[in-house]
Amino acid sequence: MPIISRVTKGSLYKTLDACNQLIDMKVVKYAEPNIFHTYKTSGVIVPNNYLYPEQWDHPIINTPDAWQVLNDNLGAARRFGSPDVIVAVVDSGVDPNHPQFNGNVSNGQPKVFTAFNFVNMVANNNSLAGSHGTCCASAAAGFNVNSGTAGVPDGTVGIAGNCRVMGIRRGGIELDYADMYIWIVDLIPIVQELVFPHN
């Protein structure tokens, strides 16, 4: 027969101690807390971008709530992410002249951290394979009106509008992809010849 006890607010550790004591005393076979928590916030952050209401993804993944939590815990300067965070988008490349990336984040640094084209092996995204990479980068880290950044938004809102972007145009054989991922994390690919002993 289950026994249910209630403890007062703020007694989480006391609850765990009580469970352990009941088990140690062999009063019950097992004891576990039934912990629940409700988070109350003063509201949610709603960007002023005119196309924001058309973006169906934000309500599904609760970005307005996440922005509010960041705002409440880290301050208004970090509500849309940190300029110290770089989002690498590996796709068809990112157009650095697109309004969502043509500007600076809150610390004055350019929105586009760097770009590289692994098809042509050049340090830019001047030759794009299409607009898909730019769209993905915009959804992830495009500027928004009230992010406090110097960009000129196109009406949409990125999830992390105050983070920087690394635009990568992917391409080549599988070995090229391995080198690309190593380059992205700022390592130098080293190819070593394996020598196997003969029998």
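The values are calculated or read from the model by the stated rules, or taken from the named source; none is laboratory data. Just so you know, these numbers come straight off a predicted model, no measurement behind them. For neighbour counting, all protein chains shown are included, and Cβ atoms are generated from backbone atoms with ideal geometry for every residue, glycine included. Ligands, DNA and RNA are excluded from the accessible area calculation, which covers all protein heavy atoms including side chains. Shrake-Rupley method; radii C 1.70, N 1.55, O 1.52, S 1.80 Å.
Spin-label pair residue 72-residue 119: with each label point 7 Å from Cα along the Cα-Cβ axis, the two points sit 4.6 nm from one another.
Sparsely packed loop sites in segment 51-98 (the chymotrypsin sites (Phe, Trp or Tyr not before Pro) outside DSSP H, G, I, E and B with at most 14 other Cβ atoms within 10 Å) comprise 56. Whenever you get a sec, compute what percent of the accessible area on segment 37-117 sits on carbon and sulfur atoms (1.4 Å probe). In segment 37-117, the share of accessible area belonging to carbon and sulfur is 55 percent.
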